[in-house]
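**Q** I have a structure I would like to understand better, so I am pasting it below and will then ask my questions one at a time.
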Amino acid sequence: MRYISILVFIFIVHSFASAHASHFGFAEVSYSEKTNTVQATISLSTEDLERSLAKKNNGFKARLSSIESNKILQLQLSDEILADFSLKMGSTDCDFELIGMEVTNQGITHFYYESQKILFHNTVSVLFNNLARDFPEQQNKLTFIFMEFKQTLIFTTPQLQTFNID
């Protein structure tokens, strides 16, 4: 009985010590006719993002909450985010600029972006591959909104997805 108790204890400790089983990201993107820009909010698991950054920085662990007040580190982190997130209106790439970021107590980090002015086109292509290299089971969901139009895309593999706005 004692051995069973020890095995159960080890299993429980290992379960809590391991990272969570699901890896996810969300993005909400909209086109503003008023400003001719695209606004995007990208939301990622803080824990997953910190683990991914540690892998890229030889194990150096940075807390995202300490980056919130450092604009230079925010911009470097933004470059990492935008390396795996892109959007085209027609054949024109959106050039995004980080407006801000927020690390929540719920374990989610939000990145707020706005594009340079870009002409509207009814064909939109999106890549939302954030964290997929580090977590093969990563699932990303993007919702694009334009006036009354809403399109939701699911990214379970790294691929460019294209849709038309009717």
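**Q** Output the residues belonging to segment 134-151 that are among the basic types (Lys, Arg) and in contact (Cβ under 8 Å) with a residue 24 or more places away in the chain. Steps first, answer last, please.
**A** Within segment 134-151, the first condition is being among the basic types (Lys, Arg), and the residues that meet it are 141, 150.
Scanning segment 134-151 gives a single hit, 141.
**Q** I'd like the full set of residues that are in contact with a Ser or Thr (Cβ under 9 Å, 6 or more places away or on another chain) and of a type in the set (Val, Ile, Thr), limited to segment 24-40.
**A** 29, 37, 38
**Q** Would you be able to say whether some residue in segment 23-44 is modelled with pLDDT under 85 and either basic (Lys, Arg) or in a loop (DSSP other than H, G, I, E, B) (or both)? Reasoning before the result, please.
**A** Filtering segment 23-44 down to residues modelled with pLDDT under 85 leaves none.
No - not one qualifying residue is present in segment 23-44.
**Q** Inside segment 142-163, can you point out the residues that are part of a strand (DSSP E or B) and more than 13 Å from the chain's Cα centre (by Cα)?
**A** Of segment 142-163, the ones part of a strand (DSSP E or B) are 142-146, 149-155, 161-163.
Scanning segment 142-163 gives 144, 145, 146, 149, 150, 151, 152, 153, 161, 162, 163.
**Q** If you don't mind, another one. Go through (1) in a helix (DSSP H, G or I); (2) surrounded by 17 or more Cβ atoms within 10 Å (Cβ to Cβ); (3) of a type in the set (Gly, Ala, Ser) and name the single condition residue 65 misses.
**A** The single condition residue 65 does not satisfy is (2).
**Q** So, one more: Going by the conditions given, is residue 78 over 18 Å from residue 48 (Cβ atoms), within 12 Å of the chain's Cα centre (by Cα) and either of a type outside the set (A, V, I, L, M) or not in a strand (DSSP E or B) (or both)?
**A** Numbers: over 18 Å from residue 48 (Cβ atoms): no; within 12 Å of the chain's Cα centre (by Cα): yes; either of a type outside the set (A, V, I, L, M) or not in a strand (DSSP E or B) (or both): yes.
No, not satisfied.
**Q** Can you name the residue in segment 80-133 that is among the basic types (Lys, Arg) and surrounded by 13 or more Cβ atoms within 10 Å (Cβ to Cβ) and, of all such residues, is modelled with the highest pLDDT? Don't jump to the end; show me each part of the working.
**A** Applying the first criterion (among the basic types (Lys, Arg)) to segment 80-133 yields 88, 117, 133.
From what is left, the residues that are surrounded by 13 or more Cβ atoms within 10 Å (Cβ to Cβ) are 88, 133.
Details: 88: 98, 133: 89.
Of everything passing the filter in segment 80-133, 88 is modelled with the highest pLDDT.
The values are calculated or read from the model by the stated rules, or taken from the named source; none is laboratory data. Just so we're clear, the structure is a prediction, and the values are computed from it rather than from any experiment. With ideal geometry, Cβ positions are generated from the backbone for all residues, glycine too; neighbour counts draw on all protein chains shown.
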